[in-house]
Each structure stands twice: as C-alpha cells, then as structure tokens.
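Colleague: Let me begin by handing over the structure; questions about it come next.
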Amino acid sequence: MNNDSKETTMNSVNEQRHFTSVMIAVVLGVVIANTSNAGNDLFSGRTIGMARTFTASSRGLDAIGLNPANLALDDRGSDATFEIAPFSGIGFFAGSDFINYKIYQDDFTGVDSIGANGQPTGVRVGKVLSQSDKNEILGLFPGGISHTQADVGITEFGFATRSAALGGIGFSVSDQVAMNLDIPEGYLKMALDAFPATGGAYTLDNTSIKASWLRNYNLSYARMLPVDLKWIKNVAVGVGIKYVQGFGYFGTDHYTGNLQVVPSYLPSSSGNDSVLASEPISGNVNFLQRESNANFVAIDTGHVSLNHSNFSDFFSKPAGTGLGLDLGISGEVFQALRVGVSVTDIGKITWNQNTKVITENGSFSLSDYLQKDSLNNAFKGQTRDTTSFKTSLPTALHIGGALQLDKAPFISYFPGQLLIAADFNVGFNNEPGNTTIPRFSLGTEYRPVEAFPIRTGISFGGREGFYWSVGIGINTPVWDLDLGTESISLLTNPNSFRDASFTLGMRFRI
C-alpha cells in the first residue's frame, strides 16, 4: 500500500473513531436524559440497622406499612408513640452495579508514561484496555443488566397507640421518591469496542427507567385474636388502608433495541489491498414510556424542577391518586419465637395530570457521523399528550420470623437481650422502589442494657445484591433516637463499595 493510501486509511480510521465517540455520547446522552423499597422500611433506623428485616420483629410505628398486625403487640411498654418532622424518620439509599472504585482506579485514571530512557516520566496517559480489563468491567453487569436504584423518604407525621381493649391503631404521612434504572451491557460494549473495523452487534433490550414521587396517608388497625390456634398462639391480624397521592411519575413500559456495525471495504488504487471505506450503522428501536407530573413539578426530558408559582398546590393538586391496602398476620409458634406474613401496597394509582407518552418503533441506518441526528431522533422518540393511565403500587410479599433468644425456653441465662430475625421479601412488580428479584435478610438487635441497642444484619438478592448493615440507638422511656446504614462495606472494603445509605429517626413515647 502506498503512503497516500495509508494516509487515507488512517484518516478514515480517525474519522470513524470520532464518529464512534459521537454515537456513544448521543445514545447514552438520550438514555440518561430520559431518566427524569417498598413500605416504610426506609424511614426506620431500627429496620435499616437490621438489614430491612421487619416482618415479625417490627413494633409500633415501624409496623405501619410493613406488617400492620404488629401494631397489636407491646412496643417496649409504651401506650403511644409519635413522630413529627423535622425530628421524624428520614432516610436515603443509592446503589449501582456500575460503581466499583477499584476498577475506576485501575482502568480509568491512566498510567504513568515511559520516557525514552525507559523510566516513568511522572505524566499520566490514558490506559489501553486489554481484553481482560474489558471482561472485568463487563462483569459489573450481572446477567447482562446493570441495576441502579435510589430512594429518598421522610415521615412528616406518625402516631401509634395500643391497648388490650382497643387493639393497635397507627397513622402516618410519608413521602418517598424512588428510582429504578436498568442499563444493558450493550451500551458499555459499544464504548469498550469503539465499533471495531471487524464489525459488531449490540443489544439494548430491557433498558428501563422508572421513577415516582408518592405520598402515603396510612391508617392501620390491628387486634389480637381472642382464641389460640392449634399450632400458633397470641395471633395478631392487621390491616392498613392508605390514600396515595402521586406528584410525579416516569416509567418505561417496554424497550427493545439493537445496533449493528457492518464494515465495508473498497479496493485500493493498486488493486492489491483494500481500504476501509465506512462503518455503516443500522438498527431498530421499539419503546414506550409514560410520564405525569403535578403542576409545580416540571419534567423536561427527565430533568425535574419546581414551578414555584404553583407550589401552593403541594397538597391539593397531585398528578395522580389511588388507594392502597396492607394486610398482615403474626403469631407465636412457641415461647419467644414469632412468625409473620404480610402483603403491602395492594392497589393502583391513576395519573391524570400532564400525562404524556414517549414512543418510537422503527429502524435507522447511517454511514457517517454527519447523520448522527438520525440516531439521536430514533432514541429520543416522539412525545405526545395522552389520556390518564394507571400504574400499580409497589406490591410486595414479606415472610419472616423473629426469636427473642434471651427469653427462649432453652436459655436459662443470657447477658442482655438478643433478638434474631430473618425475612424473605419479593415484589410482584418492578415499580419504583420495588423488584421481583427475591431478597433474603438476617438481622440482629442486641441490648447489653435496655437503653443502648446495637444492630447489624446482612441481605442477599434484590436489586441491591449483598450488603451489610449496622445501626445503633439511644432508647429512653420517653424518646428514641435510632440511626442505621447499609453501607458498612464502604469502611470494610472501600475498593468495591457500590451503595450509600443513611437513616435517622427520633420518636417520642408516652
């Protein structure tokens, strides 16, 4: 190949590399631009400290929205407990498979350049990734999908009371903003491969973004059954009815898509070699997304902001409303061992304010970066007004058991108080804050003295994978202060941490 042909080839390759960068930026940019835990587990420092284990172990305010039956059980001798903002429960959680500090340090911070003398120059240059490096990065996508989730919750008000004659009654007002984001590994493969001259195919199926802001007004009631059953005694049953206001929703109904790169070659002027002519890109995309928002919330391609002129509508004019139902039961199998089952958030919400759909169903083909708008438009879709639509609440099933070890019949003496609890949780849908991926958790609460609980727990499954929780508290006869985190791995293994969380709550006792 002569020098002119080599120069032409190099220019073509450089142009294609630039084109690659543009395409990846366009695709990821559109996906990100369109992004605009079920129950009350996020609001309780006690529950978080025990790795969100609650079905049989929750009491008082912690039982609202999780297992209403437990409202009928003694809550450390208190006749009533209450919490009110700004001292009430507040918590957040954010995590992603796509975060790994070690991989970031190893592969994306560059390497020392080597001078002519073979010694490091002290100047960092970009690292050329080996296939082994790429495989390690793609390992961040278990099952080919990277899960990202974020939850922020606050309880504005909560009250619970209990008596033998009345049973247990609880009422709470709480807000929760939740987001689930699923990204297939096809996007990252495009970035790592940089559309090689040999061609490639990238699947984008199951891309999904779901986010919502819901407020729950929950009224729950529980009562002990007047008779014991054959295999279980001290049985409590409970029900919670909630009025739900929705202030914003964005959700992917379905998403399929793919890109193919098929390089073409032309013979060189000498006729002996071939020259890369172009890397045609083709593909198709089929998706439907829905959104709705209150007048004071402006959603512009996924970016949420507040419309202060209509902020007075904060309570009176939500974007959607609905009714929800919680059901629960718990009872003693034998002394100190209680088991429980609950189903939470049964119901739907109807969205009827500022409702829109974003849809696309078609194919595209382009041969150079000057046609990048075609790809942009294909992944951006078309937005149009629509009628009202319904979405399910984050319905979930919870099964668990809790053993108060220091009161077990086979224990004659135990220093302090030790509670051991285990849960199985699974959602019936993938609405924000929920998942159909089963989750198992094991939590403990140890009180060397009554006033100072120490909590820890581990959880497997769900969108979060494995995490280790810890929590502490100061519990007096008249008030409780509890805090918990699911991010202890940040301290124990900072190179591979993948989530951050913190929950703090104070409540008062009568």
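Readers should treat all values here as calculations from the given coordinates under stated rules, not as data from a laboratory. Note that the structure is a prediction, hence the values are computed from the model and not measured. Heads up, the Cβs are rebuilt from the backbone with ideal geometry, glycines too, and the neighbour counts pull from every protein chain shown.
Colleague: Longer than 19 Å from Cα to Cα, which of K210/K242; K102/K127; K230/K407; K134/K380; K134/K210; K189/K380 are they? Say none if no pair is.
Modeller: Exceeds cut-off: K210/K242; K230/K407; K134/K380; K134/K210; K189/K380.
Colleague: Follow-up question, since we're still on this one. Just check the range 41-107 against the gyration tensor rule for me: Cα atoms, a ≥ b ≥ c as the square roots of the eigenvalues, rounded for a/c under 1.5, and otherwise prolate or oblate depending on whether a/b exceeds b/c.
Modeller: prolate
Colleague: With a 10 Å Cβ neighbour count serving as the proxy for reagent exposure, in which order, fewest first, do T359, T444 appear?
Modeller: The most exposed by this proxy come first: T359, T444.
Colleague: Once the other residues with Cβ under 13 Å from the Cβ of D406 are scored (Lys, Arg +1; Asp, Glu -1), what is the net sum?
Modeller: For residues surrounding D406, the net value is 0.
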